[in-house]
Amino acid sequence: MITDPIADMLARIRNAAKARHQRAEMPASRLKIDVARILKEEGYISTYKVVDESKTRKLLRVFIKYTPDKRSIITDFRRVSRPGCRVYVGKSEIRPVVGGLGTSIITTPKGVMTGKAARKAGVGGEILLEVW
């Protein structure tokens, strides 16, 4: 049993990118699908797909995006809020990631969104991760 599914997702994507694989596969959940949607919207991955492996199990397939010289678009991830130490921020406490070059992904009462979108919507929430 995995205790932190988001950290597992990030590790799988990071390992696949370092090995220069085309895709990374992981068990699907609504939160992971929302994180993959935001990564796609922000341009960090090329696409993602939810695949029915069986009637009870679904897989999330994330296709990694590379530069023309075969380097991954994703430089690094940082898991901020963990199961042992949750990190919540208000709308005024959401800071830019790596001087505005990165993106933070936040769960809010209005759904999962980027830090920039949460500031614009005027909501705070739990910071899941930062990516740059």
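When you restrict to C-alpha pairs under 8 Å that are six or more residues apart and normalise by the size of the range 31-132, the relative contact order lands at 26 percent. Spacing of the modelled spin labels on LYS91 and ARG14, each 7 Å from Cα toward Cβ, amounts to 3.3 nm.
Normalised radius of gyration (Cα atoms, divided by 2.2 N^0.38 Å) for the range 30-132: 1.15.
If R0 equals 35 Å, the separation of the Cβ atoms of ILE2 and ASP69 corresponds to a calculated FRET efficiency of about 0.55.
Computed over the chain with a Gaussian network model linking Cα atoms closer than 10 Å, the most mobile of THR114, THR103, THR56 is THR56. On a 0 to 90° scale, report how tilted helix 5-18 is relative to the longest principal axis of the chain, with both axes built from alpha carbons and the result rounded to the nearest 10. It works out to around 60 degrees. Please find the FRET efficiency linking VAL51 to ARG30, where r is the Cβ-Cβ separation and R0 is fixed at 25 Å, and quote it to the nearest 0.05. Working from the Cβ atoms, E equals 0.95.
Most fluctuating residue of ARG57, ARG119, ARG95 in a GNM of the chain with Cα springs under 10 Å: which is it? Comparing ARG57, ARG119, ARG95 in the GNM, the peak value goes to ARG57.
For the range 5-64, the Kirkwood radius over C-alpha pairs fed into Stokes-Einstein at 37 °C and 0.692 mPa s yields D = 286 µm² per second.
For the chain, lysine pairs separated by 8 or more sequence positions, or belonging to different chains, with Cα-Cα distances below 17 Å total 15. Summing charges over neighbours of GLY115, with a neighbour being any other residue whose Cβ is under 14 Å away from its Cβ, gives +2 when K and R count +1 and D and E count -1.
Only the Cβ atoms of Lys and Arg (+1) and of Asp and Glu (-1) were treated as charged; on that basis the dipole of the range 19-64 about its Cα centre amounts to roughly 140 debye. A straight chain from LEU101 to ARG61 at 0.36 nm per residue would run longer than the Cα-Cα distance by 11.8 nm. Annotation: the range 76-132 has a Kirkwood hydrodynamic radius of 11.0 angstrom, from the mean reciprocal C-alpha pair distance.
FYI, it's all coordinate maths here, none of it is from the lab. Quantities reported herein were computed from a predicted structural model and do not represent experimental measurements. When we count neighbours, we look across all protein chains shown, and the Cβ atoms used for this are built from the backbone with ideal geometry, even at glycine.
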